[in-house]
Each structure stands twice: as structure tokens, then as C-alpha cells.
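**Student:** Below you'll find the structure I mean.
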Amino acid sequence: MIHIYNQDNTLLCECVFRENTSIEQLVKDTLGKIPENVYSCRIRNHNLALSDICADGDKITLYGLSDSYASTVYQTSLCFLYIKAVHDVLGTDIPVRIANTLSSGFLTKLRKVTVSEEDIEKITARMKELVALDLPVSCRKVGREELIAFLKKQGHEEQLQLVLSSEEVDSAYICQLEEEEQSFYVPMVPSTGYLQSFECVHYKNAIILRYPSTRKQGKIPPFEEQPLIYNAFSEATRWDRIMGVHYACDLNDRIKAGGSEDLILMSEALHEKRIAEIAQAIKIQNKRIILIAGPSSSGKTSFAKRLCIQLRVIGLRPLYLGTDDYFFNDEDSPVLENGEKDWESIRAVDTELFASNMNDLLRGKKVDLPTFDFIQHRKVFGQRITTIDSSQPIVIEGIHGLNPKLTEGIDDNEKFKIYVSPLIQVRIDIYNRIPNSDLRCLRRIIRDHQFRDHSAENTLLRWKSVRDGEEVNIFPYTELADEYFNSCCIYEPAVTKKYAAKLLKQIGDDSPAYGEAQRLLNLLKAFVPMEDDSAVPNNSLIREFIGGSVLVH
């Protein structure tokens, strides 16, 4: 007997086991169809495809888009469908590159062709036609040698170089849709009929392949151009060219050849140059309220401290503050529906006191700035009685820095807003990439272990709630920023692997975090670890997570 559960652990059905029958077929035969928006499953916390075979007595849990692995399966399957449609419409000799994420989609670039609106209409129509036909998508897991042989036969040089550069890339999936064959590192949905929701948008001689949001009930949100993020990606691409690192194989080759020290120095120099440019813009515009925001593990604190140094270099004397010191006292703090204290939303911040203090400082008044005692959960006064002169800027760091409610009542002409987050520049290959949120998750795993005595399992189990909070409290305000600072160093995946992989491997398959740990470990397989990271300077943003920072203690 097979027991099939929904993602919330409610029993959907029981069915009789049949040998060599896929999970998808067992569910269909019992329920009549696969439940809506289900794209993957787990057995004993192991990630599986719906096309996989189970064993008698298995408990199968079905997952939809709110699960990161199922979401990855959907997005990767959609990319395969898109590649197939591009080749059907424009020819098999047109290379497709999956570049970055933008407006709930992948920014894709087609080489050898200038994309027109007519092309996009034809590609979209072909994708819809393939979905309507509900064609089978075969997906076969192969070992390293067979993968190498396949890539050589297909002439997929960039993907081949990755496998040759990292011996840990020991398997992949060879996927086929009609005559189209490609390799990926996650399995596909069983057929094209699963891919009902998508959108193709023409954007700056590229196409954004948009997919349903994991946090919008599986719907595609309205399109937003997001010029700030696009420009940050463009800058990251320029940095790629300067350092000659575009894919994981490029980074691996540099590390194995002993060129990591030069790469570190160049990457850090680009960061310093960018921070200096932002400091200069603040001085030229004579801004005095400098607001720094970003999601968890984005490197906000290190950036803020380095910005303060650059402001001092050009003759300014900044005052550094954190919005956490303006939390309400415990008895006044807001409560969630489940009765727990809400420390994540803007409601937890005494915005009235904050605005009053900032305005008094701007006017040259003496202010008793609070310090929040996280043990007693109350503001403490009398420890920071401060005044500043008319030339001093105030650098303010916190997750709500871009939320207009934080600075209501403060003159907008005084504000300079900066969004900090890593945009990972190095892609695995032309079709496969590391999501930026995964890099932040890996950073947090390392930092939580190093400084908070939290296990990787604990961090992974809490990560979804962190991400849910970011969707509400941070991401809606990103485009309000005046500047975007990309806090990712180009060599970072190699350093991250050194620290994170061993922590993820400690999570056993009896843990509900096991499937997510394995997903992240599979991403890290693409990179050769930088075992000697002594060349990473002590003021690097990476040091905030791996230790040894002179900026964060």
C-alpha cells in the first residue's frame, strides 16, 4: 500500500502498489488526476520527480510552488519548453542563454538574432501549442561519463567545460521533448501539460521568461520593469568581463591554476570603487539621511561601515545608527495572529520616535538616542546623548530603510536610499544558475553556525519564514532606492562551498530539512572550493559571514 499526502501533511489517498509504475500514474489512477499545482514529491525527505518509481509501503508527499525544489522543477522545465520553442521558431542553431532573474522571470538572451515582437509572439504561441498537446517529457538520470559523452556529441561546449572543471559533478538529467535534447541538474515535470502558467515579455533586446510566483498563489504578478535591478545586473556583467569569469568553470579554472588571490583583489577593488562612487554621490547631492536596506544576509552592516569610511575619506563625519534600536518595548510591540511577537514588520518600529530624533538631529539639537536591550526587550536611554553639525550625514541601516513609513515627516530632499543585496554573477552554465536567495541562505547558514551556535538544519527550517517576511517588508520597496549595491564577490561561491558544504552534509535524511540541504549541495557541486581564503581581506563583506571581519563583531 502507498500513502499519498499533501504538502500540509494531510492524507490525500491510499493506493495499491504496482511495480514499475510511476508516482504520477499511481496518483492519477487513484485520484483521477494530479492535484493542481503539484510538480514534485518527497519520500523519506528525499526529493523525487513525479516520474520516479516508488516502493511498496512508501509515504509520498506532494509539493507545489511554495516548496523551493518543486519551484525549481517548474522553472527549469519551463526553460526547457522555452528552449524547444525558440529552436522550433528560429532554428536549432540559435543559442539560448538564461541570464538573470528579473520581474518574476528569467532574463534570456538569444545569440545570433535581434529579437522582434513578432518573434516573441511566435515563441509564445509555440509554447502554448506544446502545452496544449501535453507531450511527454522524458528525463533520464545519467552518471558523469555518460554526461560527458552526451555533451560532446551535442557540441555543448560551455556545459562540458563545467563538468570537466569539477569532478564533483557526478550526475545530471538528460531530458527530451520531441527531438529536443538538453541536460539539466534537476528533473523535469512528466509532460508539457504541467506548464500552464508563463509569459514572454520583450525587454531591451532580450526576452523575460516569466513564471508563477511562489508567494502569489501560483499566479504571475504584474510586470514591473525594475530598472534599478537591471542596471545592477548590467554592472555585474561588466565586472564579469573585467575579471574574465562568466561561468563556474571559469572560476574553477582560476582557483586550480592558483589565480584566486588576484581574483580576490580585483573583486574587492571593484567593491571599494563602487562604495566610493556612492559616497561621492551623497556628498555632491548634499544628502544627510542615508538609508540602507536589504534582505537577510545581504551584507548591510559591512556595507554601511565601509560607506562610513568612504564618507570620512572625502571629508564628511557620518553618524551611524541602526533601526533595531527603535523597536517598541516588549509590552508595546505588535502581536501576530498566532500570538507571537511581530519583530519583522514596520509595526515593530517606533517610527514616530525615529522621525522625531532624526529631525532634531538635522536641526542641530541634542538628542538622547535609544539603545535596544535585546535581553530585556526594551529601549535604554541616557547612553547616547548626541548632537551633530549641519555638515554631518546620518547613516541608518535596517531592513525597513526604504519603507516610506519609517521616514514619514522627514524632508524627502534629505534622503538618500541604498538597497544592498547580492546578485550572483557566476552562472553554473548557460542554462543553470544559482538563485540569489540561495546565496543569501548559504551565507546565513555559515554565519548562524559561526556566531549564533545554530545548526544548518535550524537555519533551513526557519528560512521560509524569513523569505515570507522579506516579500512583505523589503522587496516591495526595492525600486524606491537611489542606488543598488551588489554585495556579491565574484569568487564567493568557492569560499561559500568551503564552509557551507560540510554543514549541509551534517543534516541526515531523517530531518525535514534534508531535501533542501541536498538541493543546495547539488548546486555547490559545480564549484571547486577555495580551501585557502587567507587572501580575503578583513574588511570584505564576505568576512561578515565566514569570520575575521574588522567591521562586524
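**Student:** If I filter segment 134-149 for residues that are in contact with a helix residue (DSSP H, G or I) (Cβ under 9 Å, 6 or more places away or on another chain), farther than 30 Å from L521 by Cα and acidic (D, E), do I get at least one hit?
**Tutor:** yes
**Student:** Out of the residues in segment 28-53 that are over 30 Å from the mean Cα position of the chain (by Cα) and at pLDDT 90 or above, state the one that is nearest to Y514 (Cα to Cα).
**Tutor:** I53
**Student:** If I go through segment 23-45 residue by residue, how many of them are of a type in the set (K, R), farther than 13 Å from K59 by Cβ and crowded, with 17+ Cβ neighbours inside 10 Å?
**Tutor:** Residues meeting the conditions: 0.
**Student:** Does V420 meet the test of being modelled with pLDDT of 95 or more and more than 32 Å from the chain's Cα centre (by Cα)?
**Tutor:** no
**Student:** If you don't mind, there's one more thing I want to ask. Restricting attention to segment 527-553, and to residues there that are crowded, with 19+ Cβ neighbours inside 10 Å and among the hydroxyl-bearing types (S, T, Y), which single residue is nearest to N252 (Cα to Cα)?
**Tutor:** Among those that are crowded, with 19+ Cβ neighbours inside 10 Å and among the hydroxyl-bearing types (S, T, Y), it is S540.
**Student:** Among the helices (runs of 4 or more DSSP H) contained in segment 474-553, which hold 2 or more residues that are under 16 Å from E168 (Cβ atoms) and either polar (S, T, N, Q) or without any contact (Cβ under 8 Å) to a residue 12 or more places away in the chain (or both)?
**Tutor:** Fully inside segment 474-553 and qualifying: 492-504, 514-524.
**Student:** Restricting to segment 298-331, name every residue that is assigned to a loop (DSSP other than H, G, I, E, B), at pLDDT 95 or above and of a type in the set (S, T, N, Q).
**Tutor:** Selection gives S298 alone.
**Student:** Answer yes or no as to whether E24 is part of a helix (DSSP H, G or I) and acidic (D, E).
**Tutor:** yes
**Student:** Another question about this same structure. Here are the criteria: (1) in contact with a strand residue (DSSP E or B) (Cβ under 8 Å, 6 or more places away or on another chain); (2) β-branched (V, I, T); (3) free of Cβ contacts under 8 Å to residues at least 60 places away in the same chain. Tell me which single one T459 does not satisfy.
**Tutor:** (1)
**Student:** Please work out which residue is surrounded by the fewest Cβ atoms within 10 Å (Cβ to Cβ), limiting yourself to segment 108-139 and to residues that are in contact with a Ser or Thr (Cβ under 7 Å, 6 or more places away or on another chain) and of a type in the set (A, V, I, L, M, F, W, C).
**Tutor:** The selected residue is L133.
**Student:** I would also like to ask the following. For residues that are within 14 Å of C488 (Cβ to Cβ) and of a type in the set (K, R), tally how many sit in segment 400-427.
**Tutor:** Result for segment 400-427: 1.
**Student:** I've got another one for you. Test of understanding: among S356, S333, S296, S260, which residue is small (G, A, S) and within 21 Å of Y491 (Cβ to Cβ)?
**Tutor:** It is S260.
**Student:** Of the numbered conditions (1) at pLDDT below 95; (2) of a type outside the set (G, A, S); (3) farther than 19 Å from L523 by Cβ; (4) outside any loop (DSSP other than H, G, I, E, B), I98 satisfies every one except a single condition; which is it?
**Tutor:** In the conditions (1) at pLDDT below 95; (2) of a type outside the set (G, A, S); (3) farther than 19 Å from L523 by Cβ; (4) outside any loop (DSSP other than H, G, I, E, B), I98 misses (3) alone.
**Student:** Please go through segment 449-466 and pick out each residue that is part of a helix (DSSP H, G or I), closer than 16 Å to K505 by Cβ and either not β-branched (V, I, T) or not assigned by TED's automatic domain parsing to the domain that holds P512 (or both).
**Tutor:** Correct list: H449, A456, E457, N458, L460.
**Student:** Can I ask one more? Looking at segment 145-156, I want the residues that are in the same structural domain as S183 (by TED's automatic domain parsing) and farther than 15 Å from E167 by Cα and have a partner that is assigned to a helix (DSSP H, G or I) and charged (D, E, K, R) with Cβ atoms under 9 Å, at least 6 apart or on another chain. Which pairs are those?
**Tutor:** L151/E157
**Student:** Quick check, is I399 crowded, with 22+ Cβ neighbours inside 10 Å, over 30 Å from L151 (Cβ atoms) and touching a residue at least 12 places away in the same chain (Cβ under 8 Å)?
**Tutor:** Judged against the criteria, I399 is a match.
**Student:** Scanning for something exposed (fewer than 15 other Cβ atoms within 10 Å of the Cβ), touching a residue at least 24 places away in the same chain (Cβ under 8 Å) and either of a type outside the set (V, I, T) or not assigned by TED's automatic domain parsing to the domain that holds C41 (or both), does segment 59-69 turn up at least one residue? Break it down stepwise before answering.
**Tutor:** Within segment 59-69, the subset exposed (fewer than 15 other Cβ atoms within 10 Å of the Cβ) is 59.
Among the residues that remain, those that are also touching a residue at least 24 places away in the same chain (Cβ under 8 Å) are: 59.
Right, trim to either of a type outside the set (V, I, T) or not assigned by TED's automatic domain parsing to the domain that holds C41 (or both) and you get 59.
Looking for residues that are exposed (fewer than 15 other Cβ atoms within 10 Å of the Cβ), touching a residue at least 24 places away in the same chain (Cβ under 8 Å) and either of a type outside the set (V, I, T) or not assigned by TED's automatic domain parsing to the domain that holds C41 (or both), one finds at least one in segment 59-69, hence yes.
The values are calculated or read from the model by the stated rules, or taken from the named source; none is laboratory data. Note that the structure is predicted; figures quoted are calculated from it, not measured. Ideal geometry is used to build each Cβ from the backbone, glycine not excepted, and the neighbour counts take in all protein chains shown.
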